[in-house]
Amino acid sequence: MVPLPSSAAVETSPSPSPLSVKKIVLPLAVILVVGFSLAPILWQVLTSVKTNADIAAVPNVYLPTRFTLEHYIEIFRRRPFLSYMLNSFMVATISTLLCLLIGTPAAYALARLKLPGEQAILAIVLIITLFPYILLFLGLLEIVRALGLANNYLALVIPYTAINVPLTILVMRSFFQQLPRDLEDSAKVDGYGTWQMLAQILVPLTVPALVTTGILTFISAWNEFLFALTFITRESLKTIPVAVAQISGTAAFEIPYGPLAAATVVGTLPLVALVLLFQRRIVQGLTAGAVKG
Amino acid sequence: MAKLELIHLNKTYTPKVIPVKDLTLSVEDHEFLTLLGPSGCGKSTTLRMIAGLEQPTRGEVRIGGQDVSRKSAGDRNIAMVFQSYALYPHMSVYDNMASGLKLRKMPSGEIRSRIEEVSRFLGLKDLLDRRPGKLSGGQRQRVALGRALVRQPDVFLLDEPLSNLDALLREQVRAELKQIFASQATPVVYVTHDQTEAMTLSSQVALLNDGYLQQLASPKQIYSQPANRFVAGFIGSPQMNLLELPCRENYALLGNSKIPLPTSFAPPPHVVLGIRPEHARIARPEEAITVTGTIILVEHLGMSNLVSLRVAGSESITVRALLSAEQSWQGNQITLAFPPEHTHWFHVETGDRLPDAE
């Protein structure tokens with residue numbers, strides 16, 4: 001962000017250097033906001049590499065001088081953290097893919113076809129996104145029990161997909177609506193068949209929106225706690241949030257801050273990596289140039 | 001290169017929404033046909049039916065004598081330039097032009113030579129590796145045109161291709177378009193609501209209104225012999241004066257003046273007189289058939305003045321005349337002459353043109 005010299009400010013303020021205020025205040029504000037947002041994360045990262053003595057020390061050791069990886073070693077050695085991560089990864093990936101697979105064609109239909117009752121469908125979809133899904137929890141528990149899905153990826157994949165499909169539909173629909181219809185007509189005149197058009201014209205243009213909604217779905221599935229806690233009881237199938245919550249110390253009153261912090265960092269890193277990896281694809285304005293304007 | 005025919009074409013969406021009611025026309029090789037009309041007249045729907053993007057409810061589209069009404073857009077061998085250009089933003093200019101040819105399994109050597117020829121012709125040679133996003137409006141327009149030209153289709157379709165350009169560029173591209181399509185033998189169908197484009201580019205103008213063909217004629221004829229009141233009012237700027245007048249014997253009464261009717265039709269009780277502002281002129285003293293009025297408004301257009309006057313003896317009627325800037329007049333009274341060869345007569349109810357005196 002470059003502070004632009006606003007002509008209004010120049011005219012109204014008689015001070016000799018009207019920009020200096022902006023030059024100081026803006027970076028300061030940025031630093032404050034960034035600090036405010038990142039402080040808890042920084043605290044977790046620092047805690048995860050502190051020695052136990054530093055963690056328990058009074059007064060607090062804010063900036064550790066001794067570093068250790070023992071907490072990380074512990075969560076991978078003494079607990080099957082790798083398999084927790086794999087479980088989370090499987091569940092989140094499958095439900096994200098399903099979500100896009102189901103939601104995108106629905107969004108396309110809602111954006112392009114003049115369906116009877118389109119407004120009603122959209123209203124229902126919107127209401128579902130507003131619905132507190134915790135309220136579905138008891139009903140779902142019964143269903144999971146009746147279908148014998150407990151301790152199965154499906155017990156998580158199905159609800160995660162269902163919860164995220166409405167958001168996918170809404171986001172993708174607005175994306176399709178701003179995708180010029182002439183592009184599809186032009187492809188038809190050029191001789192593209194339906195599937196060729198989908199693969200060579202529509203999907204390449206849709207990638208940014210797919211990635212954006214996909215990441216949202218992935219994060220929500222990765223972080224989900226309540227269903228994962230209830231529907232999965234077998235140790236080998238547990239997901240990261242549940243596993244982190246269940247880390248306990250050797251004694252009843254000992255809170256294992258170190259391993260907890262390490263587990264949190266390990267559980268968050270894949271999400272950070274994911275966003276960084278796809279950042280370049282979430283570029284706005286990929287369609288710029290298709291049409292004038 | 002093939003003759004394009006539309007036979008009793010109709011498109012009905014709902015019983016109340018019928019953009020194209022009954023349209024029959026044909027376009028030969030070397031012809032440049034413009035579909036002209038106000039918005040909602042059915043011109044774009046007609047073009048989309050020719051392209052195969054819409055299915056006609058009734059009637060046929062024939063290309064080269066073959067009924068293609070049920071064929072998909074890709075199988076019709078037509079090329080279309082869209083108003084928004086509709087370039088594929090994720091492909092380079094070269095790939096944009098090549099995509100239609102690749103899909104038709106054309107050997108890549110042939111594709112390359114065609115694109116080279118067209119891009120040299122359109123001045124796109126240095127832009128072939130760029131993405132459409134990196135091009136200016138005029139360049140995108142030419143890429144869209146190039147994409148149509150490399151196809152060497154049976155029919156070219158253009159849907160308001162100039163409306164996204166600014167006024168200055170539009171005039172320049174209009175002249176380019178005329179040259180480009182003059183060199184092609186292929187029939188061209190061009191849709192616009194801009195009568196200047198229609199008049200300057202076309203060999204034939206089809207004026208549509210309300211889903212029906214109003215007149216199909218050369219630009220010259222459509223200007224000098226409008227087939228009905230709608231055409232007369234739509235073509236020409238400033239708009240033609242259309243005056244509904246009572247008739248007595250062989251005269252139409254305009255204020256205090258009697259304007260003789262041609263002898264080619266029996267005098268009806270009422271008639272519509274049409275005279276273009278540019279054809280009304282200040283009367284010379286010796287002229288007998290004149291109209292006098294009070295000037296209520298003078299609009300200066302540079303090379304001419306658009307004068308509005310209220311006719312003496314018939315205060316509700318306003319006549320506009322386009323007088324050259326050199327002409328001057330005294331006071332606020334002015335006497336105009338309507339040359340009979342530029343006077344048009346229309347039926348009051350049907351709006352049809354009444355036959356001219358030969």
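Yes or no, residue by residue, for (1) closer than 24 Å to B:Val188 by Cβ; (2) touching a residue at least 60 places away in the same chain (Cβ under 8 Å); (3) in the same structural domain as B:Gln195 (by TED's automatic domain parsing); (4) not in a loop (DSSP other than H, G, I, E, B):
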position	(1), (2), (3), (4)
B:Ala79	yes, yes, yes, yes
B:Ile115	yes, no, yes, yes
B:Pro161	yes, yes, yes, no
B:Leu165	yes, no, yes, no
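Take B:Arg112 and decide whether it is out of contact with any helix residue (DSSP H, G or I) (no Cβ under 7 Å at 6 or more places or on another chain) and facing chain A (nearest Cβ under 10 Å).
Numbers: out of contact with any helix residue (DSSP H, G or I) (no Cβ under 7 Å at 6 or more places or on another chain): yes; facing chain A (nearest Cβ under 10 Å): no.
Answer is no for this residue.
Being surrounded by fewer than 16 Cβ atoms within 10 Å (Cβ to Cβ) and either hydroxyl-bearing (Ser, Thr, Tyr) or at pLDDT 85 or above (or both): is that true of B:Ser316 here?
Taking the combined requirement at face value, the residue satisfies it.
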- Query: Any idea how many residues of the range B:242-268 are within 18 Å of B:Pro355 (Cβ to Cβ) and assigned to a loop (DSSP other than H, G, I, E, B)?
  - Reply: 9
- From B:Ala280, B:Ala227, grab the single residue that is over 30 Å from B:Leu149 (Cα atoms), crowded, with 22+ Cβ neighbours inside 10 Å and touching a residue at least 12 places away in the same chain (Cβ under 8 Å). B:Ala280
- Query: Within the range B:91-110, which residues are free of Cβ contacts under 8 Å to residues at least 40 places away in the same chain, of a type in the set (A, V, I, L, M, F, W, C) and either touching a Lys or Arg at 6+ places or on another chain (Cβ under 7 Å) or more than 18 Å from A:Ser186 (Cβ to Cβ) (or both)?
  - Reply: B:Met106
- Note on the structure: Considering the range A:198-223, residues that are without any contact (Cβ under 8 Å) to a residue 24 or more places away in the chain and among the β-branched types (Val, Ile, Thr), and then whichever is nearest to A:Phe175 (Cα to Cα), we arrive at A:Val203
- If a residue has to be over 12 Å from B:Leu87 (Cα atoms) and among the small types (Gly, Ala, Ser) to count, how many in the range A:178-195 make the cut? 2
- Note on the structure: Contact list, first residue from the range A:140-158 and under 18 Å from A:Trp222 (Cα atoms), second anywhere and of a type in the set (A, V, I, L, M) and assigned to a loop (DSSP other than H, G, I, E, B), beta-carbon distance below 8 Å, six or more apart or interchain, is A:Asn151/A:Ile232; A:Ala155/A:Leu149; A:Ala155/A:Ile232; A:Leu156/A:Ile232; A:Ile158/A:Leu149
- Filter pass, B:Arg104 being closer than 26 Å to B:Val61 by Cα, loosely packed, with under 15 Cβ neighbours inside 10 Å and facing another protein chain (nearest Cβ under 9 Å): yes
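Among the residues of the range A:269-284, is any more than 30 Å from A:Asn152 (Cβ to Cβ), surrounded by fewer than 19 Cβ atoms within 10 Å (Cβ to Cβ), at pLDDT below 90 and at the interface with another protein chain (Cβ under 10 Å from one of its Cβ atoms)?
Keep residues of the range A:269-284 that are more than 30 Å from A:Asn152 (Cβ to Cβ), which gives A:276, A:279-284.
Subset that is surrounded by fewer than 19 Cβ atoms within 10 Å (Cβ to Cβ): A:276, A:279-284.
Retained after the next criterion (residues that are at pLDDT below 90): A:276, A:279-284.
Next, only the ones that are at the interface with another protein chain (Cβ under 10 Å from one of its Cβ atoms) stay: none.
No; the residues of the range A:269-284 include none that is more than 30 Å from A:Asn152 (Cβ to Cβ), surrounded by fewer than 19 Cβ atoms within 10 Å (Cβ to Cβ), at pLDDT below 90 and at the interface with another protein chain (Cβ under 10 Å from one of its Cβ atoms).
Name the single residue, out of those in the range B:305-317 being more than 24 Å from the chain's Cα centre (by Cα) and in contact (Cβ under 8 Å) with a residue 24 or more places away in the chain, that is nearest to B:Glu244 (Cα to Cα). Step through it out loud before you land on a result.
Here is the first cut: in the range B:305-317, the residues more than 24 Å from the chain's Cα centre (by Cα) are B:305, B:307-317.
From what's left, in contact (Cβ under 8 Å) with a residue 24 or more places away in the chain: B:307, B:309, B:311-314, B:317.
Numbers: B:Val307: 20, B:Leu309: 16, B:Val311: 13, B:Ala312: 16, B:Gly313: 15, B:Ser314: 12, B:Ile317: 9 Å.
Among those residues, the one meeting the criterion is B:Ile317.
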- For residues that are β-branched (Val, Ile, Thr) and either loosely packed, with under 15 Cβ neighbours inside 10 Å or under 26 Å from A:Pro180 (Cα atoms) (or both), tally how many sit in the range A:93-128. 6
- Message: Of the residues A:Leu198, A:Leu167, A:Leu183, A:Leu156, only one is surrounded by 18 or more Cβ atoms within 10 Å (Cβ to Cβ) and within 14 Å of chain B (Cβ to nearest Cβ); which?
- Response: A:Leu183
- Item | Count of the range A:46-88 residues which are surrounded by 15 or more Cβ atoms within 10 Å (Cβ to Cβ) and assigned to a loop (DSSP other than H, G, I, E, B) | 7
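Regarding B:Arg130, is this residue more than 22 Å from A:Lys188 (Cα to Cα) and over 25 Å from the mean Cα position of the chain (by Cα)?
Working: more than 22 Å from A:Lys188 (Cα to Cα): yes; over 25 Å from the mean Cα position of the chain (by Cα): yes.
In short, yes.
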- Mind checking whether some residue in the range B:326-346 is surrounded by 18 or more Cβ atoms within 10 Å (Cβ to Cβ), touching a residue at least 24 places away in the same chain (Cβ under 8 Å) and touching a helix residue (DSSP H, G or I) at 6+ places or on another chain (Cβ under 8 Å)? yes
- Which condition number does B:Val20 fail, the rest of (1) more than 19 Å from B:Phe156 (Cα to Cα); (2) within 14 Å of chain A (Cβ to nearest Cβ) being met? (2)
- Item | Residue ID - surrounded by the most Cβ atoms within 10 Å (Cβ to Cβ), chosen from residues in the range B:62-71 that are touching an Asp or Glu at 6+ places or on another chain (Cβ under 9 Å) and assigned to a loop (DSSP other than H, G, I, E, B) | B:Val68
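Could you pull out the residue among B:Gly59, B:Gly74 that is farther than 23 Å from B:Val205 by Cβ and either outside any loop (DSSP other than H, G, I, E, B) or of a type in the set (A, V, I, L, M) (or both)? Before you say what the answer is, go through the steps one by one.
Working: B:Gly59 fails: farther than 23 Å from B:Val205 by Cβ.
Within the list B:Gly59, B:Gly74, the selection yields B:Gly74.
Taking the conditions exactly as written (at negative phi, at pLDDT below 90 and within 14 Å of chain A (Cβ to nearest Cβ)), does B:Gly146 satisfy them or not? If you could, list the steps in order and put the result at the bottom.
Details: at negative phi: yes; at pLDDT below 90: no; within 14 Å of chain A (Cβ to nearest Cβ): yes.
So B:Gly146 does not fit the description; no.
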- Query: Do we find a residue being in a strand (DSSP E or B) and over 22 Å from B:Glu197 (Cβ atoms) anywhere in the range B:278-285?
  - Reply: yes
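Report yes if A:Leu216 is modelled with pLDDT under 90, under 30 Å from A:Arg77 (Cβ atoms) and within 17 Å of the chain's Cα centre (by Cα), otherwise no. So that I can check it myself, show each step before the final result.
On the way: modelled with pLDDT under 90: yes; under 30 Å from A:Arg77 (Cβ atoms): no; within 17 Å of the chain's Cα centre (by Cα): yes.
It is false that A:Leu216 is modelled with pLDDT under 90, under 30 Å from A:Arg77 (Cβ atoms) and within 17 Å of the chain's Cα centre (by Cα).
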- Query: So B:Gly133 clears everything in (1) within 11 Å of chain A (Cβ to nearest Cβ); (2) of a type outside the set (Ser, Thr, Tyr); (3) in a loop (DSSP other than H, G, I, E, B); (4) surrounded by fewer than 18 Cβ atoms within 10 Å (Cβ to Cβ) except one condition, right? Which one?
  - Reply: (3)
- Selection within the range B:243-277 - free of Cβ contacts under 8 Å to residues at least 40 places away in the same chain and basic (Lys, Arg): B:Arg248, B:Lys258
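Condition check ((1) surrounded by 22 or more Cβ atoms within 10 Å (Cβ to Cβ); (2) touching a Cys at 6+ places or on another chain (Cβ under 8 Å); (3) not in a strand (DSSP E or B)) across all residues:
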{"site": "B:Ile7", "(1), (2), (3)": "no, no, no"}
{"site": "B:Leu23", "(1), (2), (3)": "yes, no, no"}
{"site": "B:His30", "(1), (2), (3)": "no, no, yes"}
{"site": "B:Ser39", "(1), (2), (3)": "no, no, yes"}
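The values are calculated or read from the model by the stated rules, or taken from the named source; none is laboratory data. Model, not experiment: these values are computed from the prediction. Quick reminder, even Gly has a Cβ in these numbers, built from the backbone with ideal geometry, and neighbours come from all protein chains shown.
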